[in-house]
Structure formats: structure tokens, C-alpha cells
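Just so it is clear, none of the values below were taken in a lab; they were calculated from the coordinates. Just so it is clear, the structure is predicted and the values come from calculations on it, not from any experiment. Note that we place each Cβ from the backbone using ideal geometry, even for glycine, and neighbour counts take in every protein chain shown.
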Amino acid sequence: MDLSSIKPALLLASLMIAATPVIYAAIGELVVERAGVLNLGVEGMMITGAICGFIAAVNTDSPMLGFMAAAVGGALLSLLFALLTQYALANQVASGLALTLFGLGVSSLLGQGYVGIKPPSTPKLDIPVLSDLPGIGTVLSAHDIMIYLGLLLVAAVWAVLKYTRIGLILRAVGENHDAAHALGYKVVRVRVLAIMFGGACAGLGGAYISLVRVPQWTEGMTAGVGWIALALVVFASWRAGRVLLGAWLFGGVTVLQLNLQAAGVAIPVEYLSMSPYLITIVVLVIMSSDKNKAPASLGKIFHASS
Amino acid sequence: MLRLEKRAQPSKQWAALAPVLAVLITMVVGGGLFALLGKNPFEVIRTIFWDPLFGEFAFYYRPQLLIKAGPLILIAIGLSLGFRAGIWNIGAEGQYIIGALCGAGVALTFYPLDAWFLFPMMILAGALGGWAWAMIPALLKVRFGTNEILVSLMLVYVAEKLLAAMALGPMRNPEGHGFPGSRNLQQYESAHNAELFTGSGLHWGGITALLAVICAYILLNRHILGFNIRLLGQAPRAARFAGVNPNRLTVFCLGISGALAGLAGMYEISGPSGQVSIDFNVGYGFTAIIVAFLGRLHPVGILLAGLLMALTYIGGEIAQSNMNLPAAAIQMFQGMMLFFLLAVDLMANYRLRLTRAEVS
């Protein structure tokens, strides 16, 4: 066992990479839940995004087109969920589960001819000032553009929810859909748009796994990250800033256990790889004592006649 | 203009018709999907739904039906109790694995014991294992208000890792020349969950599933506990006034579903599967969610839905080997069924009304 082989700076740099898929998926789901919709299909949308992005990137040789295709794929799949829950007024928990099962099936069907192929690599940005900073230079710099976009997205969601009219309407719909309806806001339309935004974000997160983090396509490769993203939204008490914190915590645990595996710690690999899931449970337990933060209309069906 | 109007009472006819309609729509849309994949849709549908029962090699496939339906029904019955009460255990796959590990653990510990009481002990261990695994989300929910959906699902991944650790470590066959996987329980007389009638595919798991259907039916229709479960699901506030303790029901529902999933896992590992191996679990715990909904959360409905879903599994395998249909297509097919069911369900709760556009 050689723990000195673990370098803190490199560890933090790979933490940023490990946290990015969760950041995308969680911030998307946060918007969906703030609009009062519980979409448990994050895992399904992520894996669909992962394969859509992978196929597009391999065929066009452009990672950026890949990410775009992933966002579109995720949004299209989420549209199914929107149809079910907003127009057919189906139970959101059941519909979300259906979406995950369906997405897993769709993705492995689409990905049949793509096992074992390497995708085009996503270019790294070298930001002049950041990379020269002593110590944290290696942590913050020389990442691909998606990491920075992810951080920007979190900031944007935070600002929009807090300071803009759109954010206010979205929150009104999530807190009390009947009141929002009475004020003349289109509850269903707002929710469908929010669901599609969440789908696009989950798709991007999935594509980040298949194009950057792994980078390869294997069936079921998201391995529960979508569910962890759902847990993170609870952890974050539905606030954008805390999503970052949670995602880094999760990324840190993931990276640390991988490093411990590589360093040859005397614990079998299988037990180490349980740790991200166990930590998620522990964090959920700690955070759920802090209740009543959830949007008041979360998971409730809206129908104008009732 | 078409307008939706909420029904005062959910329509019984529509509720019964919805699963049938959903299966039919899935056949049509699925057929379209298979046509897109370049297969003859009629042939695929016939292969999936007809050949396993009445085709040329049906004598070989028919026993498979009970082997696959058993665990699905067993798990789905447990899940349906919770779903009715609004308690969402979606980690049945994990409880299934732990049940199997506990059952196999008992058998392997006493190897090569030849005694009649070994198998009952394994049954007990399997049920207890699944129960204990389900108690984690149950107690966390009751004590801390933690979301049981997320916790039970996280535990699936933990259970999968544990299964891998067991297959490679403590439970590995000492005479297996270093290959991963345990001793084969099928060759271990007193631990083997053998077929009860040759060629029927019926083992103790099938019997237990049938018992579970009957017990669940009695519980839901004739017992105050079943009434309370339904009450909590449909009107939580009324349930509170009627003196129903939601915490106790949470523990009960999660416990029962965990124990049944554990039993299913134990019967599987000591029978059809035979071995603790990395790829032991094949997603019964997740498919059972579809079965529970397709069966309308009703015990008899679940019995039928479980048989139907088992049919798609077997038919899917035939279509895979004979017609080169990808395995994932069947998974998608099953997912679609749940989708359409949820969509068709709209008609049970709402009524379509034709209204003239008015100027208000």
C-alpha cells in the first residue's frame, strides 16, 4: 500500500471531472422539482443522452455536436414523461420509473454497434491566468469546456431562480399550482418546459460520462449516477448553490475510492466501490432532518377542473 | 373541443380494461418498432406471445413460464402492498440479491450437510435477509424521514457490489479451480430447490408465489390491515383521523416486500440459477414494478401480469436466438407496456367531454 502516490492537487482536478455529470443532472432536476414535478427518470434520460451523444460524436467526429445531440435526446425522452404526467395526468413516481426502465432499454438498443469504439476526444481549455495560479492552478485549469459550462449553468440557474420574473413564475407554479393558475400562468406549459430543460441537462451529464469521463460506451454505464443526482437535490434543499457542494462531495468520494483502489489498500475493490452509494445514504439521512424545504406542490397532479 | 372531466369515482370498467388495452397498444407500437429494425412485425409478435405456449417447441418453453413468473409474482405482490399505501420500495432487486446470498450462505456454511431441515432454514434465512435489507430504508424513513425511494435504490447498487464480493471471496467454490462463483447448489441434494413435478417448471418458489397471492387477497379484502393500507394510500389525512399509524404501516409494507423479494432470490439461487455468481441478478426486481402496475396492484391481476411478463421474457429469448432480435428490444417492449398503461389510465379517472367553444 502506498498512499503517497495520491496527489491532492491531481485528486482535486479529477474530482472536478467526476462531479460534472452529477452537477448537470442535479441542476436540471432541481429546476424540474422547483416547478413542482418529481421526475424519477433521471437515470433513464442520462443513459439515453450518453448514447445519443456518443453516436453523434463518433459519426460527426465532433464532441460538441455530440453534446448537443445528447441534450436533444434527453429532452425528447423527458417529453414522454411530460406527456404522461402533464397531459395524461399519470402518477409521477410510476411514470418516472417507467422512463428509467424505458431509457435503459432504448439506450442499449441504440448502442448495439458502438461497443468498444473510442469517441473523439474533447479539447482541453488552457485558461492563461488560472493555470498560473500556484497550487490551485492544476485544479481549476486545463479542463474541457463542459466543466466550465456546468459551473456557469449552476450560477445561471441560481440567478434566474432568485432574480428574474421567469424564476418567480417557476417557483410560484411549484409552490402552489392552483394559485399560479388563478393568476393566469400556464402551469402545464411552464412544467413541460421545465421537464424538458431537466431532460436536456440529464442528457448532457450522461454524455459527459460516455464522451469524457470513461470515454467509451457500455450498457448501463451511468451506474446509478442519475439516482445520486436525485438524492443531491434533496441534499441541496432545492437550492442551486448547495448542488455544487453535494456534487463535489460525491465526486470526492468517488475519486478517493478509485485512488485507494489504485494505491492497493487492503480492502477488496467491491467494498470500496460501495462507498459513493453509502455516503449518499448517510448524507440523505443527515439532510432529511431539515424538512419542509421541498416545493409545496412537488409531485402533485395539476388539473384545472379540480 | 375535447375537455377532460374528473370522474367522481374511478371507472371500474376502464380500470379493468386499461391493462388489456395497454398490452394491445404495446403490440402495435412494438410491432412498428420491430419493423423499423427490419423484422417482420407479425412474426415477432407471434414468436413472443404464441410460440412459447403453442409453438413447435412449446414443451420445452412451457416450464420456463412458471420458473420466470414465480419470482416476478412473488416480488410484485410485496411491492403492490407498499404501492397501494404510497410507500415506494423500488429496491426489490437489492433485497432479492441479499435474500439469495443469505439462503446460499446457510447452505454453503453447512456443506455437505444432508438433512431435511436445511432447506427450511435456507427459506427462513432468505426471507430474513430480504426483510433486513428492506428494514434499512424503512427505519430511516420512520426515524429520520429519509426518502425511501432513494435509499432503497442506492442499496441495490450496494447489494450488487456485495454479491460480487461474495462470489469472488468468501463464497467462492474451494474446488472451483479459482473460477469466480460458489458451489452449485443444484448438485447439493438437501439444498436444491428442485422441480416438484418433472417438466412442469414448478418449484417451491411457484408454490410460495401462489400462497402469497391468496394471502394478499385475503389481507386486502378481508382484513383491517389491508383496509388501512388502502386508506393510507387514498386518503392519508382520513387515515390519520381513523387512527392509522403510518410509521407502523411503512415498516410493515417495506418488511413484507423485502421478505418476499428475499424469498424469490433464495428460491432462484437454490433452483434455476444454482450458483452465487456476479451476474446472478437479471432485473426481476425492476420488472416486478411493471408487473405490479400492470396487475393493477391487485393480487389476481398480478398473477396474470406476472405470467404475461414471463411470456415476454421467454418469447424475447426465442426471438433473440431465432430472429436475431436484440435483447434490449424486449426490455424496451416491457418498458413501453408500463408507459401505455399509465397513459390509458387517464380514462379510468377522467372522462372525455365534447364541448362547444364558448366565448367567455
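For chain B, the relative contact order works out to 36 percent when only alpha carbon pairs closer than 8 Å and six or more residues apart are counted. Taking the longest Cα principal axis of chain A as reference, the axis of helix A:145-163 is set at about 30 degrees. As a proxy for reagent exposure, ranking A:His143, B:His177 by other Cβ atoms within 10 Å from fewest up yields B:His177, A:His143. Taking amide H as placed 1.01 Å from N in the peptide plane, B:Tyr350 has its amide H under 5 Å from the amide H of B:Arg7, each at least 5 places away in sequence or on another chain. In this structure, the amide hydrogen of A:Asp144, modeled 1.01 Å from its nitrogen in the peptide plane, lies closer than 5 angstrom to those of A:Leu125, counting only residues at least 5 positions away or on a different chain. This ranking places B:Arg222, B:Arg230 by how few other beta-carbon atoms lie within 10 Å of each, fewest first, which gives B:Arg222, B:Arg230.
Taking Cα atoms only, the orientation of helix A:225-235 departs from the longest principal axis of chain A by about 70 degrees. Look at the Cα gyration tensor of region B:61-120: its axes a ≥ b ≥ c give a/c of at least 1.5 with a/b at or below b/c, and that counts as oblate.
Label sites at B:Glu189 and A:Leu193, each approximated as a point 7 angstrom past Cα along Cα to Cβ, lie 7.4 nm apart. Principal-axis analysis of the Cα atoms of chain A puts helix A:187-208 at an angle of about 10° to the longest axis. The calculated FRET efficiency for B:Val20 paired with B:Gln234, based on their beta-carbon distance and R0 = 25 Å, is about 0.55.
Summing charges over neighbours of A:Val173, with a neighbour being any other residue whose Cβ is under 15 Å away from its Cβ, gives +4 when K and R count +1 and D and E count -1. Taking GluC sites (Glu not before Pro) in DSSP loop conformation with at most 15 other Cβ atoms inside 10 Å as exposed sites, chain B has its longest uninterrupted site-free stretch at B:176-357.
Quick one: check the C-alpha center-to-center distance for region B:105-180 versus region B:310-360, whole angstrom. Here the two parts' Cα centres lie 34 Å apart. Suppose a student asked you for the relative contact order of chain A, using Cα pairs under 8 Å spaced at least 6 residues apart; what percent would you report? Relative contact order for chain A comes out at 37 percent. By its C-alpha gyration tensor, with a ≥ b ≥ c as the square roots of the eigenvalues, how is region B:93-249 shaped: rounded for a/c under 1.5, else prolate for a/b larger than b/c, else oblate? Here region B:93-249 falls in the oblate category. Note on region B:16-61 and region A:212-281: Cα centroid distance 40 Å, given to the nearest whole angstrom.
Screening chain B for whole DSSP H helices with an alpha carbon extent of at least 24 angstrom along the helix axis and a mean Kyte-Doolittle hydropathy of at least -0.5 yields B:12-36, B:58-85, B:92-109, B:118-144, B:148-168, B:204-222, B:246-270, B:299-323, B:327-344. With the largest listed first and rounded to whole Å, the semi-axes of the equivalent ellipsoid of the protein assembly as shown from the Cα gyration tensor are 37, 33, 25. Our summary gives region B:175-279 a relative contact order of 42 percent, counting only alpha carbon pairs under 8 angstrom and 6 or more residues apart.
Listed by Cβ neighbour count within 10 Å, with the fewest neighbours leading, A:Phe197, B:Phe179 appear as B:Phe179, A:Phe197. The residues packed around B:Ala134, meaning those with a beta-carbon under 13 Å from its beta-carbon, carry a net charge of -1 if Lys and Arg are +1 and Asp and Glu are -1. Taking a ≥ b ≥ c as the square roots of the eigenvalues of the Cα gyration tensor, region B:156-200 is classed as oblate, since a/c reaches at least 1.5 and a/b does not exceed b/c. Summing charges over all other residues whose Cβ lies under 13 Å from the Cβ of B:Leu163, with Lys and Arg as +1 and Asp and Glu as -1, gives -3.
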